[in-house]
Ligand code: ADP
């Protein structure tokens with residue numbers, strides 16, 4: 001019954017018409033061909049008399065035609081059922097159900113199409129969950145400094161504060177607004193980095209000089225904490241986006257300084273290996289525990305969730321993305337209380 005339903009499905013007028021015309025043409029063609037063949041066999045091979053030949057033609061030809069048409073209807077039903085599965089899947093995805101998957105049976109013509117459909121749905125569901133978590137994290141990260149600024153601004157408006165309190169609250173407002181501006185800057189940079197076009201043309205430049213410049217740019221930060229910086233940088237030329245790569249060293253160095261206590265030490269190494277360049281940034285700071293280490297490259301992740309440490313948890317996400325765009329790798333080794341080493345490997349070609 002289902003087979004005939006598929007053939008004469010009225011909701012689907014176009015396929016129904018085209019199927020009917022195809023079947024009709026096939027049926028007529030088969031009927032003619034069968035009649036020709038049977039008549040040929042009857043007269044020339046079997047040498048049956050004319051009166052009996054009509055009986056043979058009368059039964060054999062319609063019989064075969066019915067069989068062939070039956071086979072065609074069945075094949076038509078199978079393809080209808082398979083394309084219906086696909087249409088149903090597409091409708092589910094169009095309605096936002098990205099967890100929908102098409103089950104394929106062995107030998108189905110559309111097996112490949114189903115597997116590609118399933119891949120597409122899986123990809124869409126990852127994109128959707130990434131978007132949801134981004135919106136959640138983004139709004140959470142922005143809410144805190146905004147609420148803080150608002151609260152202290154209201155306290156200042158109410159008055160009745162000592163001069164010292166006023167200064168303290170104004171400092172909090174200044175710090176939080178700076179954090180907010182850095183947060184939006186980094187969020188924008190990270191979203192721009194999602195597109196590989198951002199990399200632009202790769203220009204060769206001296207990597208050792210760039211690392212040295214980054215140390216100088218952060219001089220104020222490490223001298224404030226009395227940190228010693230020792231470096232052993234081999235001469236090396238790297239082809240990449242110098243501006244983005246500068247951000248990598250600044251972020252890694254800034255973290256090393258931030259998480260190293262007063263009087264600590266930071267070591268920088270640059271070595272040229274076969275086909276790649278290796279940069280190590282080692283500090284003897286607070287370190288990162290093993291359970292947290294796997295999450296530090298996630299957006300907005302901070303090992304210390306309180307807002308006591310400066311930062312917005314985007315620095316390492318940016319570092320990782322820039323290195324990925326250059327075809328490089330970043331690894332981290334750390335021990336709580338002993339220090340952390342970030343190792344960046346960049347391809348030479
Ligand atoms: P943040 O802006 O908070 O520094 P990052 O993405 O740069 O964000 O770093 C994520 C987290 O990884 C930091 O909050 C910190 O807890 C940890 N981290 C990064 N670098 C170091 C380091 N050198 N030593 C110890 N912890 C680090």
Got a sec? Which of 118, 91, 160 is under 27 Å from the mean Cα position of the chain (by Cα), loosely packed, with under 13 Cβ neighbours inside 10 Å and either free of Cβ contacts under 8 Å to residues at least 12 places away in the same chain or at negative phi (or both)?
-> 91
Out of curiosity, is residue 335 at pLDDT 90 or above and in contact with a strand residue (DSSP E or B) (Cβ under 7 Å, 6 or more places away or on another chain)?
-> no
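So, of the residues in region 282-322 that are outside any loop (DSSP other than H, G, I, E, B) and over 29 Å from the mean Cα position of the chain (by Cα), which turns out to be farthest from the ligand (Cβ to nearest atom)?
Initially, region 282-322 is screened for residues outside any loop (DSSP other than H, G, I, E, B), giving 282-283, 290-293, 315-322.
Add one more test, that the residue is over 29 Å from the mean Cα position of the chain (by Cα), and what stays is 282-283.
On the way: 282: 9, 283: 5 Å.
Taking the candidates together, the pick is 282.
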Go through (1) surrounded by fewer than 15 Cβ atoms within 10 Å (Cβ to Cβ); (2) within 12 Å of the ligand (Cβ to nearest atom); (3) closer than 19 Å to residue 212 by Cα one by one and return the number of the condition residue 248 breaks.
-> (1)
Among the residues of region 252-262, the number that are near the ligand (Cβ under 6 Å from one of its atoms) and either outside any helix (DSSP H, G or I) or closer than 14 Å to residue 320 by Cβ (or both) is 2
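Do we find that residue 327 is without any contact (Cβ under 8 Å) to a residue 40 or more places away in the chain, in a loop (DSSP other than H, G, I, E, B) and either within 11 Å of the ligand (Cβ to nearest atom) or under 21 Å from the mean Cα position of the chain (by Cα) (or both) in this structure? So that I can check it myself, show each step before the final result.
Working: without any contact (Cβ under 8 Å) to a residue 40 or more places away in the chain: yes; in a loop (DSSP other than H, G, I, E, B): yes; either within 11 Å of the ligand (Cβ to nearest atom) or under 21 Å from the mean Cα position of the chain (by Cα) (or both): yes.
Answer is yes for this residue.
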Report, by residue number, each residue of region 63-76 that is more than 50 Å from the chain's Cα centre (by Cα) and loosely packed, with under 13 Cβ neighbours inside 10 Å.
-> 63, 66, 67
Across region 232-241, what is the number of residues that are in contact with a helix residue (DSSP H, G or I) (Cβ under 7 Å, 6 or more places away or on another chain) and either closer than 17 Å to residue 329 by Cα or within 16 Å of the ligand (Cβ to nearest atom) (or both)?
-> 2
Selection from region 191-212 of residues assigned to a helix (DSSP H, G or I), surrounded by fewer than 16 Cβ atoms within 10 Å (Cβ to Cβ) and modelled with pLDDT under 95 yields 191, 192, 196, 197, 198, 199
Just one of (1) in a strand (DSSP E or B); (2) out of contact with any helix residue (DSSP H, G or I) (no Cβ under 9 Å at 6 or more places or on another chain) trips up residue 342, so point out which.
-> (2)
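Output the residues belonging to region 270-281 that are more than 9 Å from the ligand (Cβ to nearest atom) and part of a strand (DSSP E or B). Even if it seems obvious, please write down each step before you answer.
Looking only at region 270-281, we keep the residues that are more than 9 Å from the ligand (Cβ to nearest atom), and these are 270-280.
Of everything in region 270-281, those that are more than 9 Å from the ligand (Cβ to nearest atom) and part of a strand (DSSP E or B) turn out to be 270, 271, 272, 273, 276, 277, 278, 279, 280.
The values are calculated or read from the model by the stated rules, or taken from the named source; none is laboratory data. Computed from a predicted model, the values in this text were never measured in an experiment. Positions of Cβ are backbone-derived with ideal geometry, glycine not excepted, and every protein chain shown enters the neighbour counts.
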